[in-house]
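The block underneath contains the structure these notes are about, expressed in structure tokens.
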Amino acid sequence: MASLPTTTSGYRIDLTAGSFDGLRLDETIPVPELGARDVLITLQAVSLNYRDIAMPLRLYPAYTKEDVVPCSDGSGIVLAVGSEVKALKAGDKVCPTFFQDFEDGYATKESRATSLGGLNDGVLRKHAVFNEKGLIKLPDFLSAQEASTLPCAALTAWNALFGVEGRALKPGHWVLTQGSGGVSLFALLFAKALGANVVATTGEKSKEERLKDLGADLVINYRENPTWGLTAKEHIEKQGGTGAQHVIEVGGETTMEQSLKAVAPEGLISIIGFLGGGMGERKTGFWDCFASACLVRGVLVGSKKQFRDMLSFMEEKGVRPVVDEKVFTFEKAREAYEYLQAQKFFGKVVITIPE
């Protein structure tokens with residue numbers, strides 16, 4: 001067997017820069033020796049989330065480790081395993097999980113502290129060592145690029161739709177999604193695969209037809225229709241419904257007001273992100289939630305069990321991730337960050353990593 005790498009190439013973030021200038025390539029990142037339950041993987045693809053660009057720009061509200069290796073979402077091939085690893089072997093296709101130690105149930109302070117790409121070094125590197133419990137084996141039908149989109153974006157959408165007992169999405173329900181980013185598109189795909197209905201919003205005319213092609217039953221341009229939440233609810237009511245049973249809320253304070261207009265009584269608003277505004281722009285509050293008679297829930301990705309359930313569903317239903325048509329090479333990582341920031345994408349922005 002060939003000798004294993006002791007160093008690898010990867011990116012780190014210098015947080016003091018406050019810009020993408022802080023994203024720098026380090027060709028001497030140490031690769032630790034394998035412990036008994038460790039797995040060495042060769043990364044093949046990484047996908048970006050808004051969280052990843054927020055960190056170098058100093059917009060991310062949570063603590064980030066200095067000089068962290070960024071990104072939580074990636075896929076690769078097992079290169080070697082420790083002596084006590086039983087579930088994985090060399091050659092297996094895997095994804096690291098967003099939380100490295102969150103098997104099932106409710107996230108704890110301890111499990112949340114195992115997140116990748118912020119508190120701990122992430123996946124924007126060529127090789128990495130993870131404990132076997134922080135990896136999940138992938139089905140063969142997914143390419144490396146497709147698989148790289150799953151750990152955060154896909155699992156967050158899955159948790160939003162299926163993670164609350166008694167409120168899980170059912171055929172015939174209505175889902176409201178916002179925009180054409182990863183979480184929203186995964187929610188659309190999962191909903192349509194199950195036989196649910198989707199109202200999708202977008203701010204760009206060029207993306208309206210693409211959302212319809214993915215199965216959206218109604219697409220509303222929020223730039224042309226600022227009361228899109230009311231429009232969505234009126235449309236659903238004409239179809240015999242009472243509003244959206246699930247709202248995938250990614251905008252934050254600038255969109256929450258309309259989300260509350262669209263949601264059905266006893267429906268669920270899953271708060272995913274803060275793309276549309278910061279904490280200083282409060283527009284909604286306690287009374288709005290009370291008046292809508294809905295549930296509002298913050299979603300923090302999901303567990304490894306949910307990941308396995310999601311993969312089984314995707315394989316059964318033939319759900320394939322939407323990868324943006326522009327894929328970036330490892331050396332062009334900064335351009336990928338800038339592309340995501342410019343919101344030129346449709347689906348997940350992916351960086352490929354050469355062997």
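The values are calculated or read from the model by the stated rules, or taken from the named source; none is laboratory data. If you're wondering where the values come from, they're calculated on a predicted model, not measured in any experiment. Virtual Cβ from ideal backbone geometry, glycine too; neighbours counted across all protein chains shown.
Of all residues in the stretch 120-154, which are part of a strand (DSSP E or B) and of a type in the set (A, V, I, L, M, F, W, C)?
Residues satisfying the conditions are 128, 129, 130, 135, 136.
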(request) Determine whether the stretch 41-56 contains at least one residue that is out of contact with any Leu (no Cβ under 9 Å at 6 or more places or on another chain), surrounded by 21 or more Cβ atoms within 10 Å (Cβ to Cβ), closer than 30 Å to residue 160 by Cα and not charged (D, E, K, R). (result) yes
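Which one of 300, 275, 211 is at pLDDT 95 or above and either over 20 Å from residue 163 (Cα atoms) or not in a helix (DSSP H, G or I) (or both)?
Result of the check over 300, 275, 211: 211.
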(message) Checking the structure you have, find out if any residue of the stretch 83-98 is within 20 Å of residue 39 (Cα to Cα), of a type outside the set (Gly, Ala, Ser), more than 18 Å from the chain's Cα centre (by Cα) and surrounded by 21 or more Cβ atoms within 10 Å (Cβ to Cβ).
(response) no
(message) So, residue 7, is that one more than 19 Å from residue 299 (Cβ to Cβ), without any contact (Cβ under 8 Å) to a residue 60 or more places away in the chain, surrounded by fewer than 19 Cβ atoms within 10 Å (Cβ to Cβ) and in contact with a helix residue (DSSP H, G or I) (Cβ under 8 Å, 6 or more places away or on another chain) or not?
(response) no
(request) Within the stretch 338-349, identify whether any single residue is more than 17 Å from residue 193 (Cα to Cα), touching an Asp or Glu at 6+ places or on another chain (Cβ under 9 Å) and in a helix (DSSP H, G or I), and answer yes or no. (result) yes
(request) Spot the failing condition for residue 354; the list is (1) within 27 Å of residue 215 (Cβ to Cβ); (2) exposed (fewer than 15 other Cβ atoms within 10 Å of the Cβ); (3) not small (Gly, Ala, Ser), and only one is missed. (result) (1)
(request) Output yes when any residue across the stretch 148-160 is over 28 Å from residue 351 (Cβ atoms) and at pLDDT 95 or above, and no when none is. (result) no
(message) Is it the case, given these coordinates, that residue 167 is assigned by TED's automatic domain parsing to the domain that holds residue 235, within 29 Å of residue 353 (Cα to Cα) and not small (Gly, Ala, Ser)?
(response) no
